[in-house]
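Reviewing the structure listed below.
The values are calculated or read from the model by the stated rules, or taken from the named source; none is laboratory data. As the structure is a computational prediction, the values presented were derived from the model and not from experiment. Cβ sites come from the backbone with ideal geometry, for glycine too, and all protein chains shown count toward neighbours.
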Amino acid sequence: MILVCTIIVYLNSFQGDFILDDHVSIRQNLSIRRLWPITIPLSPPPGTSVSGRPILNLTFALNYAASRLSAWSYHLVNLIIHTAAALFLYGIIRRTLIALPLGTRYQTRAPLLAMIAALIWAVHPLQTESVTYMIQRSESLAGLFYLGTLYCIIRGSGPAKSGLWTIAAIVLCSLGMGTKEMSVTIPVMVLVYDCIFLSGSLGQALRRHKIRYIGLAGTWLVLLFVSSGARSGSAGLGIPGYGPLAYGLTQLGVITHYLRLCFWPHPLVMDYLWFIETNPVAIILPGLLIGSLLVLTMAALIRRLPLGFPGVWFFLILAPTSSIFPIATEIAAERRMYLPLAAVAILAVLLVDHAISLFWEKKSFPAAKRITGIVLVSLCVTVLALITIRRNADYRNPETMWKLVLKNRPLNCRAYFNLGLYYHERGREEDAIAQCKNALECQNESIDISQIHALLANLLSDKGSYEEAWRHFEEAIHINPQDVKLMTEYGISLARRNQLERAAGVFRQALVLQPDNSIIHYDLGNTLEMQGKFQEATYHYGESIRLNPGFPEVHRNLGDLLYKEGEWDAALQEYEKALRLKPNWGEVQETLDQIHKQKHISKQSPE
């Protein structure tokens, strides 16, 4: 049932294409283009969603080997991961319900209740971001390793226990650490489960399974090694404007929102761009709810009550992203509920099961309880499945997705920017300019607005609105003075309008930052040549060639300059080098033929 329903619900996800972070982390990710040596895919590029996550990057390398950049294999692997995770969840719930201390109550109904909870979890619309949005495989893959680790621990503690299950658990835990940082809580979660369901106390758990916990704790070294500094720019305690207290108070509203989406999954938003909360009412009311749930969880944990484990599961898995450790670029994200949703699902199933039992306990209709359960489960799963199928359709078109984001989060400047970028890629320049201006009107400190200024500057420059474009170039460079690419674009825009002195100044500023950049030397050489500063231009063309001998355009331009100066032999050499690098270059061949002709005429003429 779980397998069939999950496949049916996510079948239309295969029509989705790469979107948002998929482009940088998958399509432009050169480290996934080769599987060997293995160190290449295990060394993901910095500043992307795969940074510090080598196992995740390796799975994308396997996808690339299978289908290059055809999206179907990426969706297939995401679906396989999610389905396997649902089956692991089913196994965990079933084995927990049939074992002590819950076995006396749920022994006969454990398989059915486990199936219902896992099925609801698998088809719930909250999971679409982790399954349909390809790069968010990070969440589902880490979730698979998380569930797999706990399942192996449970199997290894059963009547037919074997050390192989413990080894498998440690391996899966290590893979989780190499997939996503949220896996840091796996050893703690296993210990809590052990205390409640297996050993009966913390001391007993540590004494009986010392080797297990040494192995699991050792996997933290894997996480420390692979993720060190990978998120330093977007997450950490030193980010201005995102203190631990302010972030933690904001998360009270975020977690309350997550809980609402569990029971009423609408609207779903791919990019919230949630702001730091300053309204006391928006902090106090969610705080009362979350605080009460935390108190109940802690009380149940202290008394080692089984129903306390879902509470620990929910809050502990959310802790790395939704507590006091600021993640400035993304305060809220639906994918973070991938595993915590399991706690809500099982508690809801057990609560409804208990309510049905109480209602029909003294009735004289023995089949009524079963019929009521079937109707409720069928209705719930059908509604959730239909919403999920509809949500998958939103991922087919980036324009549709970003418009949906703006419908629900109208102050999301990142959505305006990405919509503008989408229009720019499709040649809809006026629409792109309008969206970039909208983005600047509702700018937020959580994103780098220099990107917005840069895109708008290039769009306006291409349109011919140079003065306005230059203002945006200067604003972008003021915000991000180390952006050499941006300086180069600004210099080229200035040179187009014969602002040659200003353009040369911008190129020289860029060379201070990157003195070994052959392209900047080339652009500066062009500008100096247009100014008539041939000696300086020759020097920078020479530097460009020294740094990159395989640059045919610079050989052509240096040849043009030498030709103007009357140095025909030297010009011929440069033209010939350009042709060797770029055969059948008609323009250069014509100039070369013209020089040969002129030299021939010169030889025929009397002195």
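Some points to look at:
- Flag for A345 being of a type outside the set (F, W, Y) and touching a His at 6+ places or on another chain (Cβ under 8 Å): yes
Each row is one residue, and each column tells you yes or no for (1) surrounded by 17 or more Cβ atoms within 10 Å (Cβ to Cβ); (2) assigned by TED's automatic domain parsing to the domain that holds P481; (3) more than 30 Å from E474 (Cβ to Cβ).
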| residue | (1), (2), (3) |
| --- | --- |
| A503 | yes, yes, no |
| V512 | no, yes, no |
| S518 | yes, yes, no |
| Y522 | yes, yes, no |
| M530 | no, yes, no |
| F534 | no, yes, no |
| A537 | yes, yes, no |
| P549 | no, yes, yes |
| L572 | yes, yes, yes |
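- Subset of region 394-453 (residues that are under 23 Å from E474 (Cα atoms) and among the polar types (S, T, N, Q)): N418, Q435, N438, Q443, N444, S446, S450, Q451
- Residues (within 22 Å of I8 (Cα to Cα), touching a residue at least 40 places away in the same chain (Cβ under 8 Å) and crowded, with 21+ Cβ neighbours inside 10 Å) located in region 84-118: A85, A86, F88, L89, Y90, I116, A117, A118
- Residues in region 397-422 that are within 23 Å of L460 (Cα to Cα) and among the hydroxyl-bearing types (S, T, Y): Y416, Y422.
- Subset of region 166-219 [among the hydrophobic types (A, V, I, L, M, F, W, C) and not in a helix (DSSP H, G or I)]: none
- Qualifying residue in region 443-455 (condition: surrounded by fewer than 23 Cβ atoms within 10 Å (Cβ to Cβ), in a helix (DSSP H, G or I), at negative phi and of a type in the set (D, E)): no
- In the condition set (1) modelled with pLDDT under 95; (2) in a loop (DSSP other than H, G, I, E, B), V24 is compliant with all but (2).
- Some residue of region 545-561 being basic (K, R), farther than 18 Å from P515 by Cβ, part of a helix (DSSP H, G or I) and over 48 Å from the mean Cα position of the chain (by Cα): no
- Total residues in region 470-497 satisfying the condition of being surrounded by fewer than 16 Cβ atoms within 10 Å (Cβ to Cβ) and of a type in the set (D, E): the figure is 1.
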